[in-house]
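Trainee: Got a structure for you, questions after.
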Amino acid sequence: MTITEIKRPQQLSRLRRLALAAQGLLQNQAYGRGLAGAREAINHLGYVQIDTISVVERAHHHVIHSRVPGFEPHMLNQLLINKDIFEYWSHAAAFLPITDFRFSLPYKNAIKSGQTHWFRSPDKKLMGELLARIRSDGPLRSRDVGASTIKRAGWWDWKPAKKALEQLYMQGDLMVSDRDGFQKTYDLTERVLPSHVNLQMPSMEEFAAHLVDQQLRCHGFASLKGLTYLRRNAELRQAVNALVNERLAQGDLERVKVSSGDVFILERGALERPLPRLKERMLILSPFDNSVIQRERLRALFQYDYQLECYVPEAKRQYGYFCLPLLYRDAFVGRMDCKVHRKTSHLEIKNLYFEPHPFDEHRVVTAFVEAIVQFCHFQKSDSVSLNAVQPEHLTQRLRSALKPLG
């Protein structure tokens, strides 16, 4: 089976455009607006990762904001209450389309059968008591069995009831029925699930087909490794490999190789399809955005070496605690370490870095300022400050351009 080598800049640009269009990052309204747009975005992307870091608006809101005009953070919880989405584990905690519920069943079944997710040796007696309480008294809020304030060995020690509640959730007996920020409300799965949801356990072949179709839909193309990103199930990976080989042999898929040597799989003819034109705009993305979360793919396709440094000791950080990737046209041109001071409604840009790149500085500065205006609105910030810029010669130009914003 042949592999097409991506050698010319025009070929690479088209591959990038395919990836970004599949992620809804080139179109103005790829999924529509507001609540309906948020629902369609999650259906298309397959998941939106939930994260607790709050130096700026949280990641699960940020990801939708980058794609859906008119989105407001409260809309995600509305989708949860409406039972359009559900909360569970993808490669991390995530909001998932309710139509994909059956594909959460294999992992739930594995945990119920003894596989460890968070805790070894769950307290089954306490779990039974909690389940009986919820069955008789109704939904239970996580704050009612809140975490202990005792800190041991670098981790917060959870109360036994909190552990039992989380175990019941991970093994599928409970679901999150509502959220108030990061305070979750749990209820029995049978009381949360809509009656139309398919509850049939997928075969390994069905699960493999679901992953392959999902990844090609939301990324445009994928590596074999990327198709099962952070999934440890060896049997599932084998089934995915077998399916890809079958579709390659049938001519439904083809392979391309980029300069790094990475090989990607895509639907035959995908690169010849019409694609959205590039616009003179910049997007400020979340570190957990679906388009950047697979760092090896990001490096191979965009030559953008990105690491989230909040998990790195401060002395070893190169760019900052929580740098946000900057996407301009079809290139990642920089990163911005910033913090929202909510009491004063102020956005502090601690460090702004632009990659070595032959871009038109005037156009990039203009696009950045326009992006900051939208970003401030999303963050509910009415003023902005800029501490440091690399390269330094852009500092004064950027500060002057940002001055009208306070």
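The values are calculated or read from the model by the stated rules, or taken from the named source; none is laboratory data. In this text, all values refer to a predicted model and were calculated from it rather than measured experimentally. Cβ atoms come from the backbone with ideal geometry, glycine included; neighbour counts cover every protein chain shown. Keep in mind that these areas ignore ligands, DNA and RNA; they rest on the heavy atoms of the full protein, side chains included. Shrake-Rupley method; radii C 1.70, N 1.55, O 1.52, S 1.80 Å.
Trainee: Please list 3J(HN,Hα) in residue order for the range 275-284, calculated via the Karplus relation 6.51 cos²θ - 1.76 cosθ + 1.60 where θ = phi - 60°; whole Hz, with x for glycine and proline.
Mentor: 10, x, 6, 6, 10, 7, 9, 10, 10, 9
Trainee: A follow-up question, please. Compute a Gaussian network model of the chain, connecting alpha carbons closer than 10 Å, and tell me which residue from S104, S286, S345 fluctuates the most.
Mentor: S345
Trainee: Could you give the length gained by full extension between M204 and N109, i.e. 0.36 nm per residue of separation minus their alpha carbon distance, to one decimal place?
Mentor: 32.9 nm
Trainee: I need the trypsin sites (Lys or Arg not before Pro) found in the range 225-320, filtered to DSSP loop residues with at most 11 other beta carbons within 10 Å of theirs.
Mentor: Hits after loop and neighbour filter: R232, R277.
Trainee: Sketch the reach of a paramagnetic label on K125 as a point 7 Å from Cα along Cα-to-Cβ, and name the residues of the range 159-185 whose backbone nitrogen lies under 17 Å away.
Mentor: 160-165, by backbone N distance to the label point.
Trainee: About its Cα centre, how strong a charge dipole does the chain have in debye, to the nearest 20, once Lys and Arg get +1 and Asp and Glu get -1 at the Cβ?
Mentor: Value, rounded to 20: 500 debye.
Trainee: Moving on. Hey, what do the phi angles of the range 54-64 turn into as Karplus ³J(HN,Hα) couplings, whole Hz, using 6.51/-1.76/1.60 and θ = phi - 60°, x for Gly and Pro?
Mentor: Whole-Hz 3J(HN,Hα) from phi for the range 54-64: 10, 5, 10, 3, 4, 4, 5, 7, 4, 4, 5.
Trainee: Below 8 Å between Cα atoms, with a sequence gap of 6+, how large is the relative contact order for the chain in percent?
Mentor: The value is 16 percent.
Trainee: Just how large is the dipole of the range 310-406 about the Cα centre, in debye to the nearest 20, putting +1 at every Lys and Arg Cβ and -1 at every Asp and Glu Cβ?
Mentor: Using only the charged Cβ atoms, the result is roughly 340 debye.
Trainee: Pick the calculated Cα extents along the principal axes in Å for this structure from (1) 69, 58, 49; (2) 58, 56, 40; (3) 65, 60, 41?
Mentor: Comparing each candidate, only (3) matches the computed number.
Trainee: May I ask what percent, to the nearest 5, of DSSP beta bridges between residues of the range 323-406 are antiparallel?
Mentor: 70 percent
Trainee: Using alpha carbons only, how many angstrom separate the centre of the range 306-334 from the centre of the range 190-224?
Mentor: So the separation of the two Cα centres works out to 32 Å.
Trainee: On to the next question. What is the range 202-316 by shape, rounded, prolate or oblate, if you read a ≥ b ≥ c off the alpha carbon gyration tensor as root eigenvalues and call it rounded for a/c under 1.5, prolate for a/b larger than b/c, and oblate otherwise?
Mentor: Verdict is oblate for the range 202-316.
Trainee: Add +1 for every Lys or Arg and -1 for every Asp or Glu among the other residues with Cβ under 12 Å from the Cβ of S66, and state the total.
Mentor: Combined, the nearby Lys, Arg, Asp and Glu give 0.
Trainee: Could I ask something else about it? At 222 nm, what helix-only mean residue ellipticity would the chain give, in deg cm²/dmol to the nearest 500, using -39500 (n - 2.57) for each DSSP H run of four or more?
Mentor: After summing the helix terms and dividing by the residues of the chain, the value is -11000 deg cm²/dmol.
Trainee: Please state the relative contact order of the range 228-351 as a whole percent: Cα pairs under 8 Å, 6+ residues apart?
Mentor: Rounded, it is 16 percent for the range 228-351.
Trainee: For L324, enumerate residues with amide H under 5 Å from its amide H, sequence gap 5+ or separate chain, H modeled in the peptide plane.
Mentor: Result for L324 returns M336, D337, C338.
Trainee: What are the residues whose amide H is under 5 Å from the amide H of R141, where those residues sit 5 or more places off or on another chain and H is modelled from the backbone?
Mentor: Hits under the 5 Å cutoff: Y186.
Trainee: Amide H neighbours of G406 under 5 Å, counting only residues 5+ apart in sequence or on other chains, H built in-plane at 1.01 Å?
Mentor: The list, which skips near neighbours in sequence, is V384.
Trainee: How high is the FRET efficiency from L193 to S54, r the C-beta distance, R0 35 Å, rounded to 0.05?
Mentor: Result of the calculation: an efficiency of 0.70.
Trainee: What accessible area per residue comes out for the chain, rounded to a whole number of Å², with a 1.4 Å probe?
Mentor: 49 Å²
Trainee: Kindly list the residues of the range 254-274 that lie in the label zone of L224, defined by a backbone N under 12 Å from the point 7 Å along the Cα-to-C-beta vector.
Mentor: Flagged as within label range: 263-265.
Trainee: Test of understanding: in a Gaussian network model of the chain with alpha carbons linked when under 10 Å, which of A234, A21, A315 would top the mean-square fluctuation ranking?
Mentor: Comparing A234, A21, A315 in a Gaussian network model of the chain, the most mobile one is A315.
Trainee: Another question about this same structure. Could you give each residue of the range 318-332 its phi-based ³J(HN,Hα) in whole Hz, using Karplus coefficients 6.51, -1.76, 1.60 with θ = phi - 60°, and x for Gly or Pro?
Mentor: Whole-Hz 3J(HN,Hα) from phi for the range 318-332: 8, 10, x, 5, 9, 6, 9, x, 10, 9, 10, 6, 10, 9, 8.
Trainee: Looking at A270, G334, F71, which one has the Cα that reaches farthest to the positive end of the dipole of the chain (charges on Cβ: Lys, Arg +1; Asp, Glu -1)?
Mentor: Of the candidates, G334 comes out farthest on the positive side.
Trainee: A follow-up question, please. Given a 1.4 Å probe and every protein chain left where it sits, what share in percent of the accessible area of the range 27-106 is carbon and sulfur?
Mentor: 47 percent
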